Structure formats: structure tokens, C-alpha cells
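Below: the structure, in C-alpha cells.
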Amino acid sequence: MPRVAVPATLLLAGGGQREGEVYVMERVPQHAGPETPLDMLNRPEAFFPFRPKKGSERVLLVAKARTVTLSVPRPQGEDSVRLSAAKKATLEITLADGSTLSGWATLELPQHHSRVLDYLNALAEPFFAIETSDGLLHLINRAHVLYARPED
């Protein structure tokens, strides 16, 4: 299956941050268009390929369990009709190292279960997403979150 490179910033447990790119599939059966980085991280495989920006470095096979965040540009051409029905919730995430991320999550949940708590508990998948005002989508590993603070 052909792959597409996506620019990314990888933050690993222990503080190692690297610029580079990840690879997603051109097509997936679960939705139209290419696989998203969030789809890729939530696949069951334990590792994913990451090519550091420095040209001399080889591809790293990164453990998802040790990945704290993967930050990518906000996708263009998202399904605006679908997203118009979703609720946006502002929140601050405090990670295990004490750093914070503030942004908003798109809650595509039933009306009676549309709190931030419901979003954080909704799926068994290890990664969830928040957007920030700098145009980035931060894919956060639930296992590295100390707490979340809703700001709404």
C-alpha cells in the first residue's frame, strides 16, 4: 500500500523531541481519503516509522507506548459538514512531565454524552487529538496525561 509523508514533531517520554515525518496510507477502508496520523497511531501495531528531519539519520521505529505526543499540521479538506455538527471543547492538558497543552477538542459524541470527560473516556484507543491556535493538531497518548482541565 503506498504511503504519504506527513511532517511531524515527536515528543518521547524522557523528553526527547524530534522534527521529522511519519507515514500514513493513501487509503483506508474505514473512511474516505488517506489515513490520518491519529488513525495510524491508534492501529494495534506497537511501533511506527519516523524519519528524523536531519537527512543523515535513518528511519526510527518508535514505540507508541513511549510516545507522549505527535504534533502534525491541521489536516486540510476535512469533512466540514460532519464537523459542523460536532461540539468544540476548550481544555488544558497537563502531561506527566508537567508541561501543558491548551487547545480544543472536537467532540463527535451523542448529545447526552458530550462532556470533555466523555471525550477522554469514550474510546479505548491510546491517542486522542486537540488542536491549538498555531495550526497544529496534537495527538496525545492518554497514558502520559496527568490530568485535563476543561475551560468551558
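The values are calculated or read from the model by the stated rules, or taken from the named source; none is laboratory data. Please read these numbers as outputs of a predicted model, since none were measured by experiment. Because the Cβ atoms are built from the backbone with ideal geometry, glycine has one as well, and the counts that use them run over all protein chains shown. For accessibility, only protein heavy atoms count, side chains too; no ligands or nucleic acids. Shrake-Rupley method; radii C 1.70, N 1.55, O 1.52, S 1.80 Å.
Step by step: first the residues of region 19-68, then only those that are in a strand (DSSP E or B) and modelled with pLDDT under 90, then the one that is nearest to Arg3 (Cα to Cα). Which residue is that?
This residue is Met25.
Filter region 122-150 for residues that are within 21 Å of Ala63 (Cβ to Cβ), open to solvent by 50 Å² or more (accessible area, probe 1.4 Å) and not charged (D, E, K, R) and give the result.
Passing the criteria: Leu123, Ala124, Pro126, Ala143, Leu146.
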